[in-house]
1. Probe of 1.4 angstrom, ligands and nucleic acids ignored: what's the accessible area per residue over segment 59-185, in square angstrom?
2. Count charges around ALA148 for me, please; just the other residues with Cβ under 12 Å from its Cβ, Lys/Arg as +1, Asp/Glu as -1.
3. May I ask you to give the percent of accessible area on segment 1-134 that is carbon plus sulfur, with a probe radius of 1.4 Å?
4. Averaging sequence separations of C-alpha pairs under 8 Å and six or more residues apart, then dividing by the length of the chain, give the relative contact order as a whole percent.
5. Would you be so kind as to identify which of LEU164, THR37, GLY136 lies farthest towards the positive end of the dipole of the chain, taking Lys and Arg as +1 and Asp and Glu as -1 on Cβ and the Cα centre as origin?
6. Rounded to the nearest 5, what % of the DSSP beta bridges within segment 1-158 are antiparallel ones?
7. Sorted by accessible area (1.4 Å probe), largest first, how do PHE59, PHE52 line up?
Amino acid sequence: MRYTPTVLVGPSGVGKGTLLAGVRELCPQVWISVSATTRPPRAGEIHGEHYFFLDDEHFDALITHDGFLEWAQYQTSRYGTPRAEVVKHIDAGEAVVMEIETQGALQVMERISPLRTIFVVPPSLDILEQRLQRRGTETPEAIAARLATAKREIQLIDRFDHVLVNDELAQATTELVNLLGLAQS
Ligand code: 5GP
């Protein structure tokens, strides 16, 4: 039976990346898509591992050549899922997961079927704000903008199959492994 590809969404700072790192450790067979972005790398981020960091010209060229399964503007940058890689891994029957924001997820819903969709929420918006502050990767203005976007994103929650509350990390990771239908090795 073919694996149903999954999109994982949720507001910035909710812990999608940390959850997926935990899933990858428990279930190394999962294939997590590497997105392209025009945002500059944060300290420690590696090109080709965390993102493909592209300039606007390269991002535009990929759009023109239909190279994205989906793409969206998020804050001051653009983010997109390289189409060919994802399709290749889906066709190979691998457990494909795409970690993206909601506008992109709505595009994937129109283009890939069957598709599993999971929305990760924080226990509260106050806790989300604390997590963004603790992460320390954004300025106060950027944190405020990400929180405003988070409120808009959460309004779309009904469009998703599953809601996962990321309160206690280990528990949320186990729940995510179960939702993804992955066997632990
Ligand atoms: P960050 O700048 O914090 O890495 O990511 C900002 C937002 O962009 C997050 O919500 C993240 O899930 C989303 N994102 C990452 N890659 C993609 C992508 O390929 N497409 C879309 N639409 N969103 C993405």
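1. For segment 59-185, the per-residue accessible area is 53 Å².
2. 0
3. Carbon plus sulfur share of accessible area: 52 percent.
4. Relative contact order here is 35 percent.
5. LEU164
6. Close to 40 percent.
7. Most to least solvent-accessible, the answer reads PHE52, PHE59.
The values are calculated or read from the model by the stated rules, or taken from the named source; none is laboratory data. Please read these numbers as outputs of a predicted model, since none were measured by experiment. Every residue, glycine as well, gets a Cβ built from its backbone with ideal geometry; the counts of neighbours run over all protein chains shown. These accessible areas exclude ligands, DNA and RNA; they are computed on the full protein's heavy atoms, side chains included. Shrake-Rupley method; radii C 1.70, N 1.55, O 1.52, S 1.80 Å.
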